[in-house]
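Colleague: Once you've had a glance at the structure underneath, I'll fire off some questions.
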Amino acid sequence: MSEPSIFQPFSSNYMINLPVVDNLLKENQHLLRQEPLKNTVIVYVHHALQTSINVINSLLMLGAKPAFIYILGKSYSENKAVVQHLKALGVTYIDSSAQIGFGEYKRAFKSDINYLWMLVEKHLEDRISDILVLDHGGHAIQSIPQTVKNAYKIIGVEKTTAGTMGYTSENKPDIPIINVAGCAAKRLLESPLIADAVSSKVESIIKTISKEKICAVVGYGAIGKSVAGVLKSQGKQVLVCDKNSLISDNDSLEDIIEKSDYIFGCTGTDLTHNIVHSIVQTQGSKVFLSCSSEDKEFLSLLKEITNGKDFYQNKLFDDVLFNTKAGGQIVLVNGGFPVNFDDSGESVPARDIQLTRALIVGGVIDAIKMRQGNNDFQNNLFKLSADIQKTIVSSWSSERLSECEIPGLFKSIKLIEKESLGVMPMVSGIKAVPVGRSGLRKFG
């Protein structure tokens with residue numbers, strides 16, 4: 001067989017050049033020749049953004065068949081052009097279902113996950129040897145039908161921290177999962193990129209805020225710090241509140257929201273839980289902007305102010321306005337969904353986010369090596385291999401050499417392993433520990 005090209009196996013003028021992903025595939029040409037995913041069903045949950053096409057392209061180059069790929073996006077971040085390009089490849093793309101009301105995103109998404117697995121189970125064939133789940137938030141892995149678990153070897157690749165939070169040494173996952181979310185490269189290098197991109201997206205909104213208005217940033221992680229930095233750089237009055245460190249004269253969250261005109265939510269949780277009653281009694285005008293995920297940041301407030309309000313799916317992402325009995329007004333921008341997803345095709349510049357896309361492909365390569373190393377292996381949360389991270393970071397840093405300095409730990413395999421979350425495989429090369437499970441199909 002001739003050596004596969006590292007160029008896309010399908011024609012798409014819409015696909016962006018991602019040298020870091022290409023370099024990782026070059027480093028693993030031996031796998032491309034083997035076509036290790038040719039009999040693998042792939043479940044892929046993602047934000048349908050332009051660089052997602054590169055990930056699918058990588059799967060195809062590793063032998064995946066479009067007919068065996070099932071993709072589910074997230075309604076608030078889906079780019080329609082991306083969805084159309086992916087459907088044109090012949091994959092099964094699950095369209096996001098309609099919500100039944102305000103604040104019901106999670107229910108609709110879980111329903112879509114269940115529908116996806118129903119399709120997978122219905123179309124499984126004898127030639128299918130295994131299943132690979134590339135998850136985003138843990139819902140797809142947690143919803144795998146028991147009949148599918150019993151019949152097939154399944155490996156997961158988790159891309160977000162939310163999808164790994166419930167696992168401990170006592171409460172392990174019931175399939176092996178490559179912990180891309182917890183790898184050193186994602187934890188230490190991706191967060192500032194996301195934060196800067198979110199800040200860039202909200203900067204146009206920030207410019208419209210007059211200097212006498214008070215802005216609150218709730219959640220002081222990477223994104224919160226970046227948003228606060230942009231606000232301060234433009235001369236805005238800023239109050240900051242974080243669950244781990246209370247700033248601004250030790251005011252409570254409730255007091256900070258009461259004082260503020262603009263509230264930027266950066267917690268990734270429902271920050272309005274337990275304080276809705278005081279918010280809806282405001283006498284002034286308050287604008288709430290989510291900088292996190294789904295509609296969760298102000299979920300309790302969203303449900304309260306839309307109670308009894310007519311719901312229209314085509315207006316799901318419109319601003320929600322609510323007039324309080326005290327004469328104030330509450331505005332939930334984008335219907336409570338993140339303001340950084342704007343249907344532009346990418347939430348972070350491709351030159352930056354290619355780090356994340358390469359790490360996803362790296363997780364797939366680790367899963368392939370794990371599968372090839374043993375027919376049976378432990379159910380656990382595994383570190384993304386340090387050598388793959390080192391290759392990716394080296395390539396990525398050379399692409400942006402003049403713009404940033406990469407921490408020295410990424411030159412050391414041992415330090416990368418130390419800073420990555422999860423358990424180590426038994427030996428390098430991702431040969432996992434056998435545990436003697438039986439009654440499962442063998443890998444072909």
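Colleague: Give me Rg over Rh for the range 292-370, both radii from the alpha carbons and Rh done the Kirkwood way, two decimal places.
Modeller: Rg divided by Rh gives 1.20.
Colleague: By counting other Cβ atoms within 10 Å of each Cβ, how are 121, 294 ranked from fewest to most?
Modeller: Taking fewest neighbouring Cβ atoms as first place, the list is 121, 294.
Colleague: Given an 8 Å cut-off on Cα distances and at least 6 residues of separation, report the relative contact order of the range 193-336 as a percent.
Modeller: 20 percent
Colleague: Looking at 340, 263, 234, which one has the Cα that reaches farthest to the positive end of the dipole of the chain (charges on Cβ: Lys, Arg +1; Asp, Glu -1)?
Modeller: Looking along the dipole axis, the top candidate is 340.
Colleague: Please work out the Cα convex hull volume for the range 315-360 and give it in Å³ per residue.
Modeller: Dividing the Cα hull volume of the range 315-360 by its residue count gives 107 Å³.
Colleague: Hey, which of these cross-link pairs are over 27 Å Cα-Cα: 74/122; 74/236; 65/149; 303/325? Don't skip to the answer; put the middle values down first.
Modeller: Values: 74/122 23 Å; 74/236 33 Å; 65/149 21 Å; 303/325 17 Å.
Those over the limit are 74/236.
Colleague: If the limit is 28 Å between Cα atoms, which of 232/315; 106/309; 369/418 go over it?
Modeller: Details: 232/315 33 Å; 106/309 19 Å; 369/418 21 Å.
Those over the limit are 232/315.
Colleague: Sticking with this structure for a sec: So what are the three principal axis dimensions of the range 59-203 from its Cα atoms, in whole Å, longest to shortest?
Modeller: 52, 40, 37
Colleague: Here is a further query. Considering only C-alpha atoms, what is the centroid distance from the range 169-223 to the range 292-316, in Å?
Modeller: 22 Å
Colleague: GluC sites (Glu not before Pro) within the range 172-220: which are DSSP loop residues with at most 16 other Cβ atoms inside 10 Å?
Modeller: Answer by residue number: 212.
Colleague: Right, next: To the nearest 0.05, what FRET efficiency results for residue 273 and residue 30 with a Förster distance of 56 Å applied to their C-beta separation?
Modeller: 0.65
Colleague: Could you let me know the centre-to-centre spacing of the range 100-140 and the range 339-353, using Cα atoms, in angstrom?
Modeller: Each part reduced to its Cα centre gives a spacing of 25 Å.
Colleague: Only bridges with both residues in the chain count here: give the DSSP antiparallel percent, nearest 5. If you can, show how the numbers build up before the last one.
Modeller: Working: 6 of 49 bridges.
Within the chain, antiparallel bridges account for around 10 percent of the total.
Colleague: Right, next: Report the calculated FRET efficiency for residue 204 and residue 314 (r = Cβ-Cβ distance, R0 = 30 Å), to the nearest 0.05.
Modeller: 0.80
Colleague: Above 23 Å lies some portion of the pair distances; for the range 193-336, what is it as a whole percent of all C-alpha pairs?
Modeller: Result: 30 percent of Cα pairs exceed 23 Å.
Colleague: A further question follows. Straight-line reach from residue 172: which aspartates and glutamates have Cα under 17 Å away, leaving out those fewer than 8 places along the same chain?
Modeller: Within the straight-line cut-off, residue 172 pairs with 135, 158, 376.
Colleague: Are there GluC sites (Glu not before Pro) in the range 313-413 that DSSP marks as loop and that have at most 11 other Cβ atoms within 10 Å, and which are they?
Modeller: Filter output for the range 313-413: 403, 405.
Colleague: Treating only the Cβ atoms of Lys and Arg (+1) and Asp and Glu (-1) as charged, compute the dipole magnitude of the chain about its Cα centre; round to the nearest 20 debye.
Modeller: 940 debye
Colleague: Hey, could you grab the Kirkwood Rh for the chain? Inverse mean 1/r over distinct alpha carbon pairs, Å, one decimal.
Modeller: Mean inverse Cα-Cα distance, inverted, gives 23.1 Å.
Colleague: In the range 109-199, which trypsin sites (Lys or Arg not before Pro) are in a loop and have at most 16 other Cβ atoms within 10 Å, using DSSP for the loop call?
Modeller: 127
Colleague: I've got another one for you. Rounded to the nearest 5, what % of DSSP beta bridges with both residues in the range 193-336 are antiparallel?
Modeller: Taking every DSSP beta bridge with both residues in the range 193-336, the antiparallel ones total about 25 percent.
Colleague: Calculated FRET efficiency, residue 107 and residue 423, Cβ-Cβ r, R0 35 Å, to nearest 0.05?
Modeller: Once the sixth-power term is evaluated, E becomes 0.55.
Values in this text are rule-based calculations from the coordinates and carry no lab data. Computed from a prediction, not measured in an experiment: that's the story for all the values here. Cβ: placed from backbone, ideal geometry, glycine included. Neighbour counts: every protein chain shown.
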